[in-house]
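Following: one structure in structure tokens, then a few remarks.
The values are calculated or read from the model by the stated rules, or taken from the named source; none is laboratory data. Note that the structure is a prediction, hence the values are computed from the model and not measured. Here the Cβ is made from the backbone with ideal geometry for all residues, glycine too, and neighbour counts use every protein chain on show.
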Amino acid sequence: MTWTHGFIIALTASVALLAGCNSTEVSHDPGMDHQAPASQPSADSDVELIGMPGLQDPIPARSVEVSALGLSCPLCAHNLDKQLNMIEGVSSVEVDLSTGLVRVAFEDTACITPQQLITSVEDAGFSVTQIKAVHVPKQSE
């Protein structure tokens, strides 16, 4: 473990406790000593898609509800919000810790796929079980 990684572990644990997490599990992942490429979910993912054609097809709605596993504290919500807002075309993110639902709204011109959302959520350290299109159609171009 590099001193930088050790510092990040200590800082993460401190921030989590300050953010109101009752317990914090922090472990050393040797793979983090060297930047590993972002994970790519497989095409046969176990994520249930509701109201959209496929993982690689643009989402046909202006917002979705993502069911995410592992959200347990305000720091989790903050990290996921930050990660999802890095996707070009995302206009807002609302995380509900009590239900594990994340509502993601898009700009009218966004061409975001479910695969992009899954990758972003997984990169933040959480799992996706379902993505549901909220029936507010995008305006036609």
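Going by the structure shown, is ALA133 surrounded by fewer than 18 Cβ atoms within 10 Å (Cβ to Cβ), under 19 Å from LEU49 (Cα atoms) and either small (Gly, Ala, Ser) or at pLDDT 95 or above (or both)?
Here the answer is no, as ALA133 does not meet what is asked.
Within the bounds of segment 95-106, is there any residue that is modelled with pLDDT of 90 or more, of a type in the set (A, V, I, L, M, F, W, C) and touching a Gly at 6+ places or on another chain (Cβ under 8 Å)? Explain how you work it out, then say what you get.
Keep residues of segment 95-106 that are modelled with pLDDT of 90 or more, which gives 95-106.
Those left that are additionally of a type in the set (A, V, I, L, M, F, W, C): 95, 97, 101-102, 104-106.
Still in the list and also touching a Gly at 6+ places or on another chain (Cβ under 8 Å): 106.
There is at least one residue in segment 95-106 that is modelled with pLDDT of 90 or more, of a type in the set (A, V, I, L, M, F, W, C) and touching a Gly at 6+ places or on another chain (Cβ under 8 Å).
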